[in-house]
Amino acid sequence: MDDLSLYVLDITMNSVRAGAENIDISLVEEGEWLTFSVTDDGCGMSAEQVAKLSDPFFTTRKTRKVGLGIPFLKMLAEMTGGGVEIKSTPEAESPDSHGTVVKATFGRDHIDFIPLGDMVETVKTLIQGSPDINFTYTHKMADREVRLSCAELRAILGDDISLAAFEILEWIDGFLREQYGSEEQA
């Protein structure tokens, strides 16, 4: 994967497959660091599963025998002086409070830091593919904050209009790009 937005997409899709109804995607740029986290209320993982996530030959998917997303993400983060943390509580252990948090920190000034990529397209892709999930996207930068909440959009639009409708996705694109301060993502 060429940029961080694709890793955010990959990790968030894992949350979707885990049955999450609410997924928070957060990016925070603070000083020389960029931290992104994906927090969900999906089925969660056991401590044993979390421990195996760095192994490229471990995956819960039935469609392939390797899972390279987390191992590559960890490698990229560590190459910049950062790291990856994963915390998860399985539904079997905590029926009322379960889910997973994946947090990755990167040194933005490091030569090995890969570009952030187009987060607007990533958010739109997630909403288009799973319009019933309550995604909340927040990107905090030194001079501004970009935010979108699917739950808030649904409260305004009602249940009759899908967030995956072309006109809604186009509005989301413009809304996010305006918050970034230009037609192109900053």
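Solvent-accessible area assigned to carbon and sulfur over the chain amounts to 52 percent, based on a 1.4 Å probe. In a fully extended conformation the segment linking PHE175 and ALA92 would gain 26.0 nm over its present Cα-Cα distance, using 0.36 nm per residue. Where (i) 65, 42, 31; (ii) 42, 41, 29; (iii) 61, 38, 28 are the candidate values, the label of the one calculated here for Cα extents along the principal axes in Å is (ii). Given a 10 angstrom Cα cut-off, can you work out which residue in ASP40, ASP112, ASP24 is the most mobile in a GNM of the chain? Ranking ASP40, ASP112, ASP24 by mean-square fluctuation puts ASP112 first. Peptide packing: for 85-91, 8-14, the average count of neighbouring Cβ atoms within 10 Å per residue gives the ranking 8-14, 85-91, highest mean first. Length available on full extension from ARG108 to MET79: 0.36 nm per residue minus the Cα-Cα distance, which gives 9.3 nm.
Dividing the helix sum by the residues of the chain, where each DSSP H run of 4 or more adds -39500 (n - 2.57), gives a mean residue ellipticity at 222 nm of -10500 deg cm²/dmol. A Cβ-based charge dipole, computed about the Cα centre of the stretch 131-186 with Lys and Arg at +1 and Asp and Glu at -1, lands at about 280 debye. Taken about its Cα centre, the chain carries a charge dipole of roughly 720 debye when the Cβ of each Lys and Arg holds +1 and the Cβ of each Asp and Glu holds -1. Stretched out straight at 0.36 nm per residue, the stretch from SER46 to LYS140 would grow longer than its current Cα-Cα span by 30.7 nm. Other residues within the sphere of radius under 15 Å centred on the Cβ of GLY158, judged by their own Cβ, net out at -4 (K and R +1, D and E -1). Count Lys and Arg as plus one, Asp and Glu as minus one, and take only other residues whose Cβ is under 13 Å from that of THR125; the net charge is then -3.
The relative contact order of the chain comes to 24 percent, based on Cα pairs under 8 Å that sit 6 or more residues apart. Taking a sphere under 13 Å around the Cβ of ALA142 and counting the other residues whose Cβ falls inside, with K and R at +1 and D and E at -1, yields a net charge of -2. Averaged over its residues, the chain has an accessible area of 54 Å² per residue, based on protein heavy atoms and a 1.4 Å probe.
Derived scalar couplings between HN and Hα for the stretch 102-107 equal 10, 10, 10, 10, 10, x Hz in order, rounded to whole Hz, by the Karplus curve 6.51 cos²θ - 1.76 cosθ + 1.60 (θ = phi - 60°), x for Gly and Pro. Placing pseudo-labels 7 Å out from each Cα toward the beta carbon at ARG147 and GLU21 gives an inter-label distance of 2.3 nm.
The values are calculated or read from the model by the stated rules, or taken from the named source; none is laboratory data. Just so it is clear, the structure is predicted and the values come from calculations on it, not from any experiment. Note: ideal-geometry Cβ built from the backbone for every residue, glycine included; neighbour counts use all protein chains shown. Accessible surface areas use protein heavy atoms only, side chains included; no ligands, DNA or RNA. Shrake-Rupley method; radii C 1.70, N 1.55, O 1.52, S 1.80 Å.
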